[in-house]
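One structure below.
The values are calculated or read from the model by the stated rules, or taken from the named source; none is laboratory data. Note that this is a predicted model, so its numbers are computed, not measured. With ideal geometry, Cβ positions are generated from the backbone for all residues, glycine too; neighbour counts draw on all protein chains shown. Quick note on the areas: whole protein, heavy atoms, side chains included, nothing else; ligands and nucleic acids left out. Shrake-Rupley method; radii C 1.70, N 1.55, O 1.52, S 1.80 Å.
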Amino acid sequence: MPLHFLVSYLVADHAFVNSYKLKDLEKLNYWKHFIWAALVFLAFTFDSLLTTSLGILLFAAAVAGELGVLYLRKVLADDFVEVIAFGYFLLLSFLSRDLFENSYVTTQFCWYLLGMLLATVGVTYFFRKGVVSRVEKDSVGISERLALYIFTFAGLFEWLAIVVLAGILYRLFFSKTGKIEWLLSPILGIGFSLLWLFIMRGVF
């Protein structure tokens with residue numbers, strides 16, 4: 001099943017921002033983020049949705065859903081909002097599945113991106129519950145897990161050891177993050193990448 005809406009949401013609210021900070025955005029930044037999110041949805045869906053009435057309706061529902069999620073972040077717990085958002089955009093992905101058959105963003109690539117997002121910023125989302133500070137960018141961990149994900153799918157397993165070693169050396173000399181993050185980041189990066197690889201081989 002195509003997952004264009006779900007991937008769009010994760011890119012908009014997690015890939016380049018700290019989702020925990022979205023509830024505290026000032027008015028101008030709030031609307032800047034909303035416009036950014038709408039453009040992300042447009043980038044992933046314009047070639048398939050804007051040519052039919054149903055597609056335009058679903059696109060409008062996605063943009064409205066993003067606005068609703070931004071509001072809910074101010075009044076509900078973070079995890080509850082993420083469950084609602086995940087379910088909502090997964091539902092939209094299901095309803096629009098037939099419209100993305102010939103999308104330039106293929107279904108398989110969407111699944112690849114979803115796994116990449118979960119292995120990188122998804123892990124960081126949970127790290128911010130105690131492993132790293134909620135204001136921590138975690139750029140080192142995200143970059144490390146991104147490289148591990150790419151090399152795992154490419155079958156370049158010798159590079160996994162190189163990435164892990166490079167990550168440890170970088171943290172040792174330049175990073176002040178806790179030691180538990182040094183251990184968890186590569187383990188989860190490799191483990192999740194292998195799991196997602198097996199999932200995709202079973203789906204496609």
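Counting only heavy atoms of the protein chains, get the accessible area per residue of the stretch 1-103 (1.4 Å probe) and round it to a whole Å² value. If you can, show how the numbers build up before the last one.
Working: 5120 Å² over 103 residues.
Per residue, the stretch 1-103 has an accessible area of 50 Å².
If you roll a 1.4 Å probe over the heavy atoms of the protein chains, what accessible area per residue do you get for the stretch 106-203, in Å²?
Numbers: 5270 Å² over 98 residues.
Value returned for the stretch 106-203: 54 Å² of accessible area per residue.
Which helices, counted as full DSSP H runs in the chain, have an axial Cα extent of no less than 20 Å and a Kyte-Doolittle average of -0.5 or above?
Values: long enough: 27-49 (32 Å, 0.78); 53-75 (33 Å, 1.51); 78-95 (26 Å, 1.56); 139-154 (22 Å, 1.12); 158-174 (24 Å, 1.84); 179-203 (36 Å, 1.38).
Flagged H segments are 27-49, 53-75, 78-95, 139-154, 158-174, 179-203.
Taking the full set of protein chains and a 1.4 angstrom probe, give the accessible area of MET1 in square angstrom, rounded to the nearest 10.
Accessible area of MET1: about 80 Å².
If you roll a 1.4 angstrom probe over the protein chains with everything in place, what fraction of the accessible area of the stretch 1-103 belongs to carbon and sulfur, to the nearest %? Mind showing how you got there, number by number?
Values: 3610 of 5120 Å².
Whole-percent figure for carbon plus sulfur exposure: 71.
To make sure I understand the rule: partners must be aspartates and glutamates, Cα under 14 Å from the Cα of LYS32, and not fewer than 8 residues away in the same chain. Which ones qualify?
Partners found: ASP13, ASP24, GLU66.
Give me the net charge for the shell around GLY189: Cβ to Cβ below 15 angstrom, other residues only, Lys and Arg +1, Asp and Glu -1.
Working: positive: ARG145, ARG171; negative: ASP138, GLU144, GLU181.
Overall, the nearby charge balance is -1.
Rounded, prolate or oblate: which fits the stretch 78-187 when a ≥ b ≥ c are the square roots of the eigenvalues of the alpha-carbon gyration tensor, with rounded for a/c under 1.5 and prolate only if a/b beats b/c? Don't skip to the end; give the middle numbers.
Numbers: a/c = 3.65, a/b = 1.50, b/c = 2.42.
Cα axes put the stretch 78-187 in the oblate bin.
For the stretch 106-203, give the percent of accessible area contributed by carbon and sulfur heavy atoms, probe 1.4 Å, rounded to a whole number.
Working: 3910 of 5270 Å².
Looking at the stretch 106-203 in its full context, I get 74 percent from C and S.
Would you list which lysines come within 17 Å of LYS137, measuring only between C-alpha atoms, while excluding same-chain residues fewer than 8 positions from it?
Straight-line reach from LYS137, under 17 Å: LYS21, LYS23, LYS129, LYS176, LYS179.
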